[in-house]
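Written out below as structure tokens is the structure these notes cover.
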Amino acid sequence: MKKILFFAGMLAILAACTNVKDPAVKEEGGMLKTDSVTDSIGIKEGKHDLTATIKIVAPVGNEALNKSITQFIMKAIDGKASVDSTDLKAIAHYFVTSKIEEFKKDVKEEEGPYDLPRTYFLEIGVSYENDKIITMNANHDVYLGGPHGSYIIDATTFNKADGKVIGNNILAQDKLADVKNQVTKQLQDFFKDMMGEDYEKDSPLKENGKEKIVELPENGIFIENDSAVFVYQQYEIAPYAFGIPSTKIALKDLKKNGWLEEEFAKTIE
């Protein structure tokens, strides 16, 4: 039950996806307006149902921010140089058509009397925004015919004024060991709560029976609700059954402990 609640919690945190032109247009409260597009293809290939769906919601910012967010979107769809990156409809259609072609090739190579479907749902949007920063997320929900599907969460925070990425670079580089120790402690508490008395024997954070320090997430950190968020993908630090472990540290606490880069720390009240 705790695992189910964990997945539900992660989806609630990152599913709030709220689209790219110039100049910046703001709604009431300083939030950026958005453009959006949805595209989907579903076909039958032999015995297999193949489906690819994408939803993109992209903010309308200044030229620098638009460029950075476009790069984020193109990375999420694994876009090629031939795709018109200024056209959301073209981006969305490229994604669904290319995925269907991949699926068609995949099922042709599959041996045996199987009829397992292939599905890919990608949702790209805004998970957090204030007057200075905006966080984009890309959530990949994929099933490729195996024993279970996979879920990938990728998120990046941008400075709205210049489009620059705000991630691991906000941390004081000479204090990374302290940050890792704190993240490890919080993840230990998470796994202890999930596993109960089984933690001491089967903790995924132990190596040769000893607790190990967890590295920062491979995809970096992002900001949401005035906290730095540390999200670990499936298999990154724990088996599939543990889902997508995550933890967060309030920016004010990072600043209080001296763990923020000096200039960024000045922006935190």
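The values are calculated or read from the model by the stated rules, or taken from the named source; none is laboratory data. This structure is a prediction, so every number in the text was calculated from the model and none was measured. Cβ placement follows ideal geometry from the backbone for every residue including glycine, while neighbour counts extend to all protein chains displayed. Quick note on the areas: whole protein, heavy atoms, side chains included, nothing else; ligands and nucleic acids left out. Shrake-Rupley method; radii C 1.70, N 1.55, O 1.52, S 1.80 Å.
Kindly evaluate ILE213 against the criterion of being of a type in the set (A, V, I, L, M, F, W, C), within 29 Å of ASP131 (Cα to Cα) and part of a loop (DSSP other than H, G, I, E, B).
Judged against the criteria, ILE213 is not a match.
Here is a yes/no grid of residues against (1) assigned to a helix (DSSP H, G or I); (2) in contact with a Pro (Cβ under 9 Å, 6 or more places away or on another chain):
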position: THR157; (1), (2): no, no
position: ASP178; (1), (2): yes, no
position: THR184; (1), (2): yes, no
position: PHE191; (1), (2): yes, yes
position: GLU197; (1), (2): yes, no
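Answer yes if at least one residue in the range 182-202 is among the hydrophobic types (A, V, I, L, M, F, W, C), more than 30 Å from ASP115 (Cβ to Cβ) and open to solvent by 60 Å² or more (accessible area, probe 1.4 Å), and no otherwise.
no
Please go through (1) closer than 18 Å to THR156 by Cβ; (2) open to solvent by 40 Å² or more (accessible area, probe 1.4 Å) for ILE221 and return the number of the only condition it doesn't satisfy.
Failing condition for ILE221: (2).
Can you work out which of the residues in the range 224-245 that are outside any loop (DSSP other than H, G, I, E, B) and open to solvent by 30 Å² or more (accessible area, probe 1.4 Å) is farthest from ALA172 (Cα to Cα)?
Out of the qualifying residues, it is ALA241.
Check whether at least one residue in the range 3-19 is open to solvent by less than 30 Å² (accessible area, probe 1.4 Å), within 23 Å of GLY149 (Cα to Cα), within 16 Å of the chain's Cα centre (by Cα) and modelled with pLDDT of 95 or more, and report yes or no.
no
Does ILE56 fit the bill of being open to solvent by less than 20 Å² (accessible area, probe 1.4 Å), outside any helix (DSSP H, G or I), within 16 Å of ASN139 (Cβ to Cβ) and in contact with a helix residue (DSSP H, G or I) (Cβ under 8 Å, 6 or more places away or on another chain)?
When the stated conditions are applied, ILE56 passes them.
For (1) open to solvent by 60 Å² or more (accessible area, probe 1.4 Å); (2) at pLDDT 95 or above; (3) not aliphatic (A, V, I, L, M), each residue gets a yes or a no:
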residue	(1), (2), (3)
THR247	no, yes, yes
ASP253	no, yes, yes
ALA265	no, yes, no
GLU269	yes, no, yes
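Out of the residues in the range 78-130 meeting the condition of being out of contact with any strand residue (DSSP E or B) (no Cβ under 7 Å at 6 or more places or on another chain) and among the aromatic types (Phe, Trp, Tyr), tell me which one is surrounded by the most Cβ atoms within 10 Å (Cβ to Cβ).
TYR94
Could you list, in sequence order, the residues of the range 35-53 that are at pLDDT below 95 and surrounded by 18 or more Cβ atoms within 10 Å (Cβ to Cβ)?
Result: HIS48, single match.
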